[in-house]
Every structure is written in C-alpha cells, then in structure tokens.
Amino acid sequence: VAFYERMRYFAARIARTELHRAYAEAEAQRLMDDADVEYLQVRRVPGGQPCICTLFAGRDLYGIGAGVYPKALCPLPPYHPFCQCVTSPRLDLTGKKAKPRDPNGDQYFLNRLQPMTAARVMGSQAKRDRVLTGAATPEQVANAGKDVLYHVKTVGQV
C-alpha cells in the first residue's frame, strides 16, 4: 500500500506542477501581448512555509514595490513542485517609471530575514551564502543542477 501511495503522490505532484506551468505560460503570453500592462506582480498562495517564492514575491528590485517587476523581467511560476504562485497585472502602476535593477536587492531582502529562514528560502545555508556574497543570483542558484525545461525563466522568455 505504501508503494502505491508514494506513486500516487509523485503522479499528483507532476500533474499539478505541469498543469500550473502550462497555465502560467499561457497567461504570460496573453500578458505580453497586452500593451496596457507594464508591470506584473508575483503573488504567493497564502500560508505555507518560506520557500523561493518568498524571495520572488518579496524583493523590490526596481523600486516599484515588493514582488513587482517590469512585465518582461518578471519571474514566471512555478518555481518548485506544487507551487501555486501566480503573476497578476498591476494596472495601477501604468506610466510609473521603474528604477534600474538594484544589484544588491537580493542581499538586502535575505539579510532582512532570520538566517534560518533565509536558508530555507534559498534551499540551504550554502546557497544562501552564495547569494549573500554575490557569487550567484537567486535565479542561478535555483537553476543549478536542473534540466533546462525546469529553469526559472522570465515572462519575456516565453
């Protein structure tokens, strides 16, 4: 029974993640075609443990708000298995000028968290340290060792 339950769990994880990936890519194409949308916001599902989604939804790299990105530069969910994060248009920011990307924005966000929470967000203490020292970006850390199909990409890359 345990074997079958484990296989059911894996099948459900793959199905939910891949369905969400297909939805997110279709939504990204629709948003890229919409000329009225200039900015997108990453929104996490309420609750849950800290994960890489916390970083993407919480950092303010362009000075326009936490989790808000110019639409072509917004990271596209899902970021991990069972991820239910979404991107939503921010029409209230139309016409607002974004600042250039803050090169220290990721370090600033991770330093505001407790060290163990920041390690959980990045996946481990070693990965957190790579980002804090500037040796890698969070996207590079999240993509390391993964098949190219499952890399974190931006809405503009779809």
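The values are calculated or read from the model by the stated rules, or taken from the named source; none is laboratory data. Just so it is clear, the structure is predicted and the values come from calculations on it, not from any experiment. Neighbour counts are summed over all protein chains in view; Cβ atoms, including those assigned to glycine, are modelled from backbone coordinates with ideal geometry. Just the protein is used for accessible areas: all its heavy atoms, side chains included, with ligands, DNA and RNA removed. Shrake-Rupley method; radii C 1.70, N 1.55, O 1.52, S 1.80 Å.
Looking at the range 118-127, can you tell me whether even one residue there is closer than 25 Å to VAL37 by Cβ and surrounded by fewer than 18 Cβ atoms within 10 Å (Cβ to Cβ)? It would help to see each step written out before you state the result.
First, the residues of the range 118-127 that are closer than 25 Å to VAL37 by Cβ: none.
Within the range 118-127, none of the residues are closer than 25 Å to VAL37 by Cβ and surrounded by fewer than 18 Cβ atoms within 10 Å (Cβ to Cβ).
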Self-check item: Matching entry among VAL155, VAL131, VAL121 (being at pLDDT 95 or above, under 16 Å from the mean Cα position of the chain (by Cα) and either within 13 Å of HIS80 (Cβ to Cβ) or among the small types (Gly, Ala, Ser) (or both))
Solution: VAL121
Practice problem: Please find, among VAL42, VAL37, the residue that is β-branched (Val, Ile, Thr), farther than 24 Å from GLN140 by Cβ and either in a helix (DSSP H, G or I) or in contact (Cβ under 8 Å) with a residue 40 or more places away in the chain (or both). | Solution: VAL37
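If you go through the range 94-110 one residue at a time, do you hit one that is in contact with a strand residue (DSSP E or B) (Cβ under 9 Å, 6 or more places away or on another chain), modelled with pLDDT under 95 and open to solvent by 40 Å² or more (accessible area, probe 1.4 Å)? Reasoning before the result, please.
Of all residues in the range 94-110, those in contact with a strand residue (DSSP E or B) (Cβ under 9 Å, 6 or more places away or on another chain) come to 94, 96, 98.
Now drop any that are not modelled with pLDDT under 95, which leaves 94, 96, 98.
In the following step, the residues that additionally are open to solvent by 40 Å² or more (accessible area, probe 1.4 Å) were identified as 94, 96.
Yes, that holds for at least one residue.
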Practice problem: Please verify whether the range 45-62 includes one or more residues that are within 22 Å of ALA15 (Cα to Cα), under 12 Å from the mean Cα position of the chain (by Cα) and among the small types (Gly, Ala, Ser). | Solution: no
Exercise. Of all residues in the range 114-158, count the ones that are free of Cβ contacts under 8 Å to residues at least 40 places away in the same chain, under 20 Å from ALA28 (Cβ atoms) and not aliphatic (A, V, I, L, M).
Key: 5
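Out of the range 61-94, which residues are part of a loop (DSSP other than H, G, I, E, B), over 13 Å from GLU25 (Cα atoms) and among the aromatic types (Phe, Trp, Tyr)?
Scanning the range 61-94 gives TYR62, PHE82.
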